[in-house]
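Each remark here refers to the structure printed beneath this line.
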Amino acid sequence: MFVRAYLCASTSEQDATRARAQLEAFAADKGLKIVAAYVEHESGATLARPELFRLLADCGPGDVLLIEQVDRLSRLTSDDWAKLRTEIDEKRVRIVALDLPTSWTLATPTDEFTGRVFQAINGMLLDVLAAVARKGYDDRRRRQAQGQARAKAEGLYKGRQEDKARNEGIAAMLKAGAPWSQIQATTACSRSTISRVAKRFPIQAA
């Protein structure tokens with residue numbers, strides 16, 4: 001059984017690695033070692049997450065996918081969550097989340113019966129928490145849209161402000177030939193942000 005840590009930002013502009021110490025401490029407390037960490041700077045609301053699927057491709061049956069919170073794995077629609085669950089179930093990967101104590105048992109070897117019982121319980125709770133995470137995501141977006149609509153009506157809305165300093169830094173790194181993965185790690189931005197900057201500046205996109 002191998003433990004693989006999945007570190008995903010809650011939004012594309014946040015630092016996905018901030019939870020690393022918590023995951024490492026949890027693994028150490030259970031007498032486990034994290035063999036690899038996969039860092040994703042994409043929203044949990046999208047299924048287009050290459051690092052997550054690279055992790056799943058690397059997993060064997062019984063391996064553990066360790067996450068800080070369930071919403072780091074999924075804020076997906078019900079259809080997309082079903083697709084991801086199918087991939088996870090087919091690989092027989094165990095999902096262990098720090099915010100889901102019932103999943104902690106899956107981080108250590110158990111007899112077959114106990115393992116199947118906890119896997120079933122954990123699966124149901126994952127479905128519930130994934131639905132809650134998606135509802136929270138949709139509710140926040142709806143409130144944000146309502147706030148923007150009011151601000152526009154009052155002539156106060158200016159839209160999202162560009163982080164000019166960061167984007168100039170991205171442009172400079174692109175011009176210097178830095179790999180996109182290095183730019184992501186340095187600036188904590190998404191690949192879509194790098195792509196937008198690359199299109200705006202006279203730089204050859206990667």
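The values are calculated or read from the model by the stated rules, or taken from the named source; none is laboratory data. Predicted, not measured: the structure shown is a model, and the values here were computed from it. No Cβ is skipped: glycine too gets one built from the backbone with ideal geometry, and neighbour counts run over all protein chains shown.
Table for the structure above
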item	result
Enumeration of residues in the stretch 188-198 that are at pLDDT 80 or above, out of contact with any Phe, Trp or Tyr (no Cβ under 8 Å at 6 or more places or on another chain) and either in the same structural domain as Asp15 (by TED's automatic domain parsing) or not charged (D, E, K, R) (or both)	Cys189, Ser190, Ser192, Thr193, Ser195, Val197, Ala198
So Glu68, is it at pLDDT 90 or above, under 12 Å from the mean Cα position of the chain (by Cα) and of a type in the set (Asp, Glu)	yes
Any chance Leu56 is in a loop (DSSP other than H, G, I, E, B), assigned by TED's automatic domain parsing to the domain that holds Leu126 and among the aliphatic types (A, V, I, L, M)	no
In the stretch 180-196, the residues that are on the phi < 0 side of the Ramachandran plot and either part of a loop (DSSP other than H, G, I, E, B) or among the basic types (Lys, Arg) (or both)	Cys189, Ser190, Arg191, Arg196
The stretch 135-174 - residue that is exposed (fewer than 13 other Cβ atoms within 10 Å of the Cβ), of a type in the set (Lys, Arg) and farther than 30 Å from Leu100 by Cα and, of those, modelled with the highest pLDDT	Lys164
Index of the failed condition, Gly177 passing every other in (1) under 25 Å from Thr46 (Cβ atoms); (2) in a loop (DSSP other than H, G, I, E, B); (3) modelled with pLDDT of 70 or more	(1)
Flag for Ala21 being of a type in the set (Gly, Ala, Ser), out of contact with any Ser or Thr (no Cβ under 8 Å at 6 or more places or on another chain) and under 19 Å from Cys189 (Cα atoms)	no
Any hit, the stretch 12-29, residues being aliphatic (A, V, I, L, M) and in contact with a Lys or Arg (Cβ under 7 Å, 6 or more places away or on another chain)	yes
Residues of the stretch 59-94 satisfying the condition of being small (Gly, Ala, Ser), closer than 13 Å to Ala131 by Cβ and in a loop (DSSP other than H, G, I, E, B)	Ser74
Selection count, the stretch 64-87, where residues are in contact with a strand residue (DSSP E or B) (Cβ under 8 Å, 6 or more places away or on another chain) and buried (at least 19 other Cβ atoms within 10 Å of the Cβ)	8
Residue, modelled with the lowest pLDDT, within the stretch 12-63, restricted to residues that are surrounded by fewer than 19 Cβ atoms within 10 Å (Cβ to Cβ), under 30 Å from Ser195 (Cα atoms) and acidic (Asp, Glu)	Glu13
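Residue-wise test of (1) surrounded by 14 or more Cβ atoms within 10 Å (Cβ to Cβ); (2) under 19 Å from the mean Cα position of the chain (by Cα); (3) outside any helix (DSSP H, G or I); (4) at pLDDT below 70.
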position: Val96; (1), (2), (3), (4): yes, yes, yes, no
position: Asp99; (1), (2), (3), (4): no, yes, yes, no
position: Ser103; (1), (2), (3), (4): yes, yes, no, no
position: Leu106; (1), (2), (3), (4): yes, no, no, no
position: Phe113; (1), (2), (3), (4): no, no, no, yes
position: Arg116; (1), (2), (3), (4): no, no, no, no
position: Ala120; (1), (2), (3), (4): no, no, no, no
position: Met124; (1), (2), (3), (4): no, no, no, no
position: Ala133; (1), (2), (3), (4): yes, yes, no, yes
